[in-house]
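To start, the structure under review is shown below, and the notes come after it.
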Amino acid sequence: MDAQLIPASLHDCPVVESRPVGAYRLVSFVAREVAALARPGQFLMVRAAGQSLDPLLPRPLGVHEIDSDLVKILIEPVGRGTISLAGMRVGDRLSVLGPLGNGFDLTGEGPALVVGGGIGAAPLAFTARALAARGRDVRCLLGFRTRGQAVAAELFRNLPVEVYTEDGSMGRKGLVSEPLSEILCALEETNDSSGNAIPEGADSSGDEDKCAPDEFPEIFACGPDAMLAAVARLCSDCGATAQVSVAAHMACGVGACQGCVIRTVDGYRRACSEGPVFPAADIEW
Ligand SMILES: Cc1cc2nc3c(=O)[nH]c(=O)nc-3n(C[C@H](O)[C@H](O)[C@H](O)COP(=O)(O)OP(=O)(O)OC[C@H]3O[C@@H](n4cnc5c(N)ncnc54)[C@H](O)[C@@H]3O)c2cc1C
Ligand code: FES
């Protein structure tokens, strides 16, 4: 995945929209440079602009959507930083550092499966739209705890979305790893051990064109660690590839403080500057 090529700058951005989306809050602000540079899976370090030092540090938030000069973020108010950001109103100003991190590598081919858990769905609308714009066949599986969070699936307008909730209050009941497992297992069964498909009624000497293997989709995932670990295990079991965006705690966001390191097969890596997107197979879960 690309390292960040352009140094991030600090932007002072006016909020132009702030509205609840179920349990979350969608905040849009004007940030021409960020909008022009941001790639799917990148994030921003965001805090309220001005004199208040509480909280002192900005918080990492994924880029949810770009609309011309507008950047949209989706916030789950869980603590001091996100509650303060979710309280921003039209006319307030945000201090925004970014875009930061590597983002998803979208250059592959073939079908793509976008898998989100909870607020991890936030950066995936931008990702799914970019994949579709590249002509890839996209399918989105989004899992939430309850209906209040699942309402965010409406932000994936015009994308093929399947919603799962743990309590069954919206969409299908269950964890999002369950349909993922079914999809991958079904494809595994249609492929022989060398990865070639065995179409019904065909013998093994069949015409190559008619025997194109059923492709495993490439998976793009963001969500809680337990969900990402399940995605990594399912993909490793059947030979599918996945890129996962990890939500490490961050302080500086630019690779200076080492506060966000995660363990990978190549040693410790900084989630902010060498991630937040990593190949699932590289992470030591
Ligand atoms: C790359 C990246 C992108 C993100 N994108 C979004 C986004 O688009 N929208 C959004 O709402 N949130 C996003 N987050 C998560 C968000 O940054 C954290 O929830 C936030 O830092 C919490 O700050 P706080 O001050 O509100 O909560 P705190 O008071 O710091 O924490 C509140 C509670 O949440 C826990 N917590 C805090 N941060 C994390 C974390 N990273 N992982 C697990 N638990 C945590 C704390 O232990 C505590 O229990 C993202 C995180 C990363 C790293
Ligand atoms: S947050 Fe400081 S190095 Fe990653």
Inset, instruction - Determine the gain in length on full extension of the stretch Arg93-Ala226; use 0.36 nm per residue of separation and subtract their C-alpha separation, reporting nm with one decimal. - result: 44.4 nm
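Test of understanding: express the Cα radius of gyration of the chain as a ratio to 2.2 N^0.38 Å, with N the residue count.
On the way: Rg = 19.7 Å, N = 285, 2.2 N^0.38 = 18.8 Å.
Normalised by 2.2 N^0.38 Å, the Cα Rg of the chain equals 1.04.
Only bridges with both residues in the chain count here: give the DSSP antiparallel percent, nearest 5. Could the numbers behind the result be given before it?
Details: 39 of 61 bridges.
Around 65 percent antiparallel, to the nearest 5.
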Legend entry - Estimated dipole of the chain in Debye, rounded to 20 [Cβ of Lys and Arg +1, of Asp and Glu -1, Cα centre]: 1780
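Please report, largest first and rounded to whole Å, the three semi-axes of the ellipsoid equivalent to the stretch 219-285, where each semi-axis is the square root of five times an eigenvalue of the C-alpha gyration tensor. Display every interim value, and only then the final one.
Working: eigenvalues 97, 25, 16 Å².
The equivalent ellipsoid of the stretch 219-285 has semi-axes of 22, 11, 9 Å.
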Inset, instruction - Would you mind checking the tilt of helix 225-238 against the longest principal axis of the Cα atoms of the chain, expressed as 0 to 90 degrees and rounded to 10? - result: 20
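Counting only C-alpha contacts under 8 Å and six or more residues apart, can you give the relative contact order of the chain as a whole percent? Don't skip to the end; give the middle numbers.
Values: 643 pairs, mean separation 50.0, N = 285.
Relative contact order for the chain comes out at 18 percent.
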Legend entry - Expected 222 nm ellipticity per residue - DSSP helices of 4 or more, -39500 (n - 2.57), all of the chain, to 500: -5500 deg cm²/dmol
Inset, instruction - Using only the Cα atoms of the stretch 1-87, each taken as one equal point scatterer with no solvent, compute I(q) by the Debye sum, divide by I(0), and report log10 of the ratio at q = 0.17, 0.23 Å⁻¹. - result: -0.71, -1.26
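Each value in this text was obtained by applying a stated rule to the coordinates, not by laboratory testing. Note that the structure is a prediction, hence the values are computed from the model and not measured. Note: ideal-geometry Cβ built from the backbone for every residue, glycine included; neighbour counts use all protein chains shown.
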